[in-house]
Every structure is written in C-alpha cells, then in structure tokens.
C-alpha cells in the first residue's frame, strides 16, 4: 500500500504487518489492480502453491482432557504473535456423525471400540470438502487436526476439538 501510494495510485492509504487500508479513485482501480498483481507475484516461481497446516503436536483422544486444557490456558492469550496450539489426531474413526450447517462427530482411537472419545465440530463445513469427508467418515480411519476448546454449550465443560482439517488415513477402521 505504501508503494502504491508513493506511485500516486492512491488518494490515501497505509498499514502495518497485519492490516492495510486505502482509498483509490474509481478511474485508477484497474491500474492499482495491475500494480498490486505485479508486486504480489514478484518472487513467486510460478509453481503451484501448496497450502500448509502447522501442527504443534500429535496426541491421542485420551490425552485431550481437562487438565491439558488448563495447561493450554496458561499459554494464553493467543493471537498472531502467540498462535493457539494445533493438534493432530492420527488414525481415528468417527463414532457418529450428525450434520446441519456444522458437522459434528465423535472421534475415538481406531482399534479401541468403546475407548476414549473426543467430541469435535467443524464449523461452517457442511458444503466443503472437509464436511463431505466427515459425513463419509463413519467407520473409516482418518487423521484430524484442530484446536482443543472447552465445550460450554448448554452449560457443559467437556473437551472438544474444533476441526481445521482432516485426511483419509488410507485404510478402513477394520483394517
């Protein structure tokens, strides 16, 4: 934004590492788009960009309990300089899935039927590839990643996984 302002493309503008704002005359909008496209593409090798998901630790459903949430609370507040820890739960199975706008499920360790369960939810996932994977996950093995939170809905205090992503584990829950 600062370079665009210095180039005379903006009426006003500025920002910092986490936000920017600007005012542009309508007749300069295309010129600004071209300027930004050139600047933002600078340094890219034109290879396909691959999304990444940072994982802080892999844990089991049994390890996701209230005591761990208490330890995580001690790390707060979370923000850009102190991101909330993201956990991976390798090879779990969906004990149940129910849908709506969100996809809710319970994930248990794959080979322990009746073992520890971790309730989870994927917000606004109904019409996304993640939502589809979760709907089709019952009885299948898959990997989950997300943030642990207290589920205080209806006065509860259970541990819940807010799912950021999931992937098939490459085998069935019976395999």
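Every read-out reported here was derived from the displayed coordinates using simple, explicitly stated rules and does not represent laboratory data. Computed from a prediction, not measured in an experiment: that's the story for all the values here. Note that each Cβ is placed from the backbone with ideal geometry, even for glycine, and that neighbours are counted across all protein chains shown.
Couple of notes before you dig in:
- Backbone N under 17 Å from the residue 59 label point (7 Å along Cα→Cβ), restricted to the stretch 69-97: 69-78, 83-92
- Per-residue ellipticity at 222 nm computed for the chain from its helices equals -5000 deg cm²/dmol, with DSSP H segments shorter than 4 residues left out and the rest contributing -39,500 (n - 2.57).
- Rg and Dmax of the stretch 2-41, Cα atoms only, in Å: 9.8, 28
- Structure-derived Cα Rg over 2.2 N^0.38 Å - corresponding label in (i) 1.03; (ii) 1.13; (iii) 1.39: (iii)
- Per-residue packing, averaged as other Cβ atoms within 10 Å, sorts the ranges 159-165, 129-135, 33-39 into the order 159-165, 129-135, 33-39, beginning with the highest.
- Highest mean packing comes first when the peptides 93-99, 150-156 are listed by Cβ atoms within 10 Å, giving 93-99, 150-156.
- Peptides ranked, highest mean first, by Cβ atoms within 10 Å: ranges 57-69, 6-18: 57-69, 6-18
- Crossing angle, helix 29-41 versus the chain [Cα axis fit, 0-90 degrees, rounded to tens]: 60
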